[in-house]
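Here is the structure we will look at, set down as structure tokens.
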Amino acid sequence: MRGEALIDDIADALRGWLPEQRWFAGKGRPVLAVRPVHAALLGGEDPVLVHAVVEVDQGEEHHERYQLLLGVRRDIPEHLGHAWLAASGDRVAYQAVHDAELTAQLLELMAEGAEVGGVRFATEPGVSLDTGQRSRPVGAEQSNTSLVYGHRYILKLFRKLVAGRSPDLELHRALTEAGCAHIATPLGSIEGELDGEVVTYGMLTTFLPNTADGWAMATASVRDLLAADFSPTDGHPRPDQVGGDFASESYRLGSAVAAVHADLARALGCADAPEGHLAGLADAMHSRLDAVLADVPELSEHADALRAAFDDVHALAGPVPVQRIHGDLHLGQVLRSVTGWVLIDFEGEPAAPLSERTAPSSSLRDVAGMLRSFDYAANHLPLGNADPKEHAAAATEWAEHNRGAFCDGYAEVGEDPRVLTVLLRAFELDKAVYEVAYEHGNRPSWLPIPLDSIARITAREGRPQ
């Protein structure tokens, strides 16, 4: 069996299957063709593990590429029936991530430091793997697919591929060298070549059991607040007056983010932005605003205030330090372990080109992303029986309470982000404009969240709270 022939044989099935996947970026556009770019048989006879890179033609000049991990069997067992993709001759092709027998080979190949069909498997220096761990896919699939091996390892498989080493792997390695306490330790990698450059297919790190993600913890705190009694005379309760106050965790999270920024600066350098950087930044913010205004008329009432905030960046004087950052930081990208906060997914904004994701930027971009996430956590819950005004006031107070605690924690380790008011405010508004576009296209009922935030931020005077 040849891997390329398998992809050609099941291409029609892949045309229908790919748009249904959470990690597929081309939703809303027809898939005209699926073609193999690379396919390697990694091992086995029945079943066979096939690693493939496919190119998806959606009628545009640029064709996106995706990583597939396929299993091929003569007879598929009942417990793998849900993973079925297509028949290929007298065999069945299916999603191998659900087959622990096949995914065990990935761990074994990394432990051996093997290279098969142009796919390179390796461990990090000094790492020895226990290859007896069985895998299970993580249920909440996002832009990538993750496999947990026992309670020891987690393997992230990058689905949408671009030529160039993954920033996630690169930054984890740099932070490990710096002795960072707020990441999972990298253990191994799966790489190859695409367009003559290295491409990262997978990254193995330590699995952190008994963790809670920041979004779940923050929204639980909001639910506790909104479930409290709203007094007809005293109004809504205060965030620090009910159980589940999140401010102490927000403070610790701010300190953790500042520590990661400091470690990244120490490991990979930090320098003053070159001449013209701020002007280019402001121009890019204006361009994004123009594009969103063309599609979302609800944003137009805020256009003048947004343009004024972005123009203020043009007028900034003095050096602005830039460095490598997380690039897509929010409450869903942090985990609370028994020892403290851990940052995950250093891939950067998935829709941005790799050159943009790896370019040095102000650490305030990460801070602004987290501040936006506090607003989302506070305002995404339905009203229930609460008075709309009291509900909104309580949610806003929760957000401000935790935004302030986060910045206080950050200032304990690094420079207070609220000192650079103009730049932080612009980053936050730029992120909110992006959110307007996203909610308009994907979750229209959530559109008021970023629109209301823009109204509040542009009306606010003085330092961001």
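The values are calculated or read from the model by the stated rules, or taken from the named source; none is laboratory data. All figures in this text were calculated on a predicted structure; none of them were measured in a lab. Neighbour counts are summed over all protein chains in view; Cβ atoms, including those assigned to glycine, are modelled from backbone coordinates with ideal geometry.
What to note about this one:
- Hey, Gly409 on the phi > 0 side of the Ramachandran plot and out of contact with any Asp or Glu (no Cβ under 8 Å at 6 or more places or on another chain) or not: no
- For the range 322-334, the tally of residues that are over 16 Å from Leu264 (Cβ atoms) and surrounded by fewer than 20 Cβ atoms within 10 Å (Cβ to Cβ) stands at 1.
- Ser453 falls short on exactly one of the conditions (1) more than 21 Å from Ala247 (Cα to Cα); (2) polar (S, T, N, Q); (3) more than 17 Å from the chain's Cα centre (by Cα), and that condition is (1).
- Residues satisfying the stated conditions in the range 322-366, i.e. of a type in the set (A, V, I, L, M, F, W, C), in contact with a Lys or Arg (Cβ under 9 Å, 6 or more places away or on another chain) and closer than 21 Å to Val422 by Cα: Ile325, Leu329
- His62 meets all of the listed conditions (1) closer than 30 Å to Tyr438 by Cα; (2) crowded, with 17+ Cβ neighbours inside 10 Å; (3) out of contact with any Ser or Thr (no Cβ under 6 Å at 6 or more places or on another chain) but one, namely (2).
- Residue list for the range 195-217, restricted to those being polar (S, T, N, Q) and under 17 Å from Thr131 (Cβ atoms): Thr205, Thr206
- Meets criteria (free of Cβ contacts under 8 Å to residues at least 40 places away in the same chain, surrounded by 16 or more Cβ atoms within 10 Å (Cβ to Cβ), of a type in the set (Val, Ile, Thr) and closer than 27 Å to Ala11 by Cα) for Val56: yes
- For the range 386-437, a tally of residues being without any contact (Cβ under 8 Å) to a residue 24 or more places away in the chain and touching a Phe, Trp or Tyr at 6+ places or on another chain (Cβ under 9 Å) returns 1.
- Here Gly179 does not qualify as without any contact (Cβ under 8 Å) to a residue 40 or more places away in the chain and not β-branched (Val, Ile, Thr).
A quick yes/no check of all residues on (1) touching an Asp or Glu at 6+ places or on another chain (Cβ under 8 Å); (2) touching a residue at least 24 places away in the same chain (Cβ under 8 Å):
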site	(1), (2)
Ile7	no, yes
Gly26	yes, yes
Val37	yes, yes
Leu41	no, yes
Gly71	yes, yes
Asp75	no, no
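- Scan of the range 130-162 for residues that are touching a residue at least 40 places away in the same chain (Cβ under 8 Å), aliphatic (A, V, I, L, M) and farther than 20 Å from Ile325 by Cα, ordered by number: Leu147, Val148, Ile154, Leu155, Leu157, Leu161
- Meets criteria (at pLDDT 95 or above and out of contact with any Lys or Arg (no Cβ under 9 Å at 6 or more places or on another chain)) for Val97: yes
- Residue check for Glu170: of a type outside the set (A, V, I, L, M, F, W, C) and surrounded by fewer than 16 Cβ atoms within 10 Å (Cβ to Cβ): no
- Verdict on His82 being more than 21 Å from Gln133 (Cα to Cα), part of a loop (DSSP other than H, G, I, E, B) and not charged (D, E, K, R): no
- Meets criteria (modelled with pLDDT of 95 or more and under 15 Å from Thr205 (Cβ atoms)) for Leu107: yes
- Enumeration of residues in the range 314-363 that are hydrophobic (A, V, I, L, M, F, W, C) and not in a loop (DSSP other than H, G, I, E, B): Val322, Leu331, Val334, Leu335, Trp341, Val342, Leu343, Leu354
- Selected residue (criterion: farthest from Glu193 (Cα to Cα)) from residues of the range 92-126 that are without any contact (Cβ under 8 Å) to a residue 40 or more places away in the chain and assigned to a strand (DSSP E or B): Val92
- Checking every residue in the range 136-146 against the condition of being in a strand (DSSP E or B) and in contact with a Pro (Cβ under 8 Å, 6 or more places away or on another chain) gives at least one match.
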